[in-house]
Amino acid sequence: MVHCTKCGGELPEYARFCQNCGAMVEKVVIEEFSVSADNLVSKVKELIREGNITRIIVRDEKGKTLLEIPATVGVVGALIAPWLAALGTIAALATKCTISVERRE
């Protein structure tokens, strides 16, 4: 599923413009990382520092989405603290997680 980088709305694969906000749809590459709960917070911090990420999705072993972090949060450092606190809680509950990262092509 493709998401609009401006409003976060779900889009069909063939869309060139967002049907919700009208923004032009950019090509996005999805990477997945499998990490242990101990390394979850540090890996997400590392990914946010890279800067070209539009969305981070954390899933548990069963594929259930635990947390989605939009790219705009990574821009402002003060806003990321609540997300990292939530990741710490997730890390305490899960043993292995998959991090899906959407990057602009």
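Every number in this text was worked out from the coordinates using simple rules, so none of it is lab data. A quick note: this is a predicted structure, and the numbers were derived from the prediction, not measured. Because the Cβ atoms are built from the backbone with ideal geometry, glycine has one as well, and the counts that use them run over all protein chains shown.
Quick notes on this one:
- For the pair Lys64 and Ser42 in one chain, pulling the backbone fully straight at 0.36 nm per residue adds 5.8 nm over the alpha carbon distance.
- The length gained by stretching the chain between Ala86 and Ser34 to full extension, at 0.36 nm per residue less their Cα-Cα distance, is 16.9 nm.
- Over 25 Å apart at the Cα level, from the set Lys6/Lys27; Lys6/Lys62; Lys6/Lys96; Lys27/Lys62, are Lys6/Lys62; Lys6/Lys96; Lys27/Lys62.
- Spin-label model distance (nm) - Lys6 vs Lys27, 7 Å beyond Cα toward Cβ: 2.1 nm
- Local net charge near Asn39, Cβ-Cβ under 13 Å (Lys/Arg +1, Asp/Glu -1): +1
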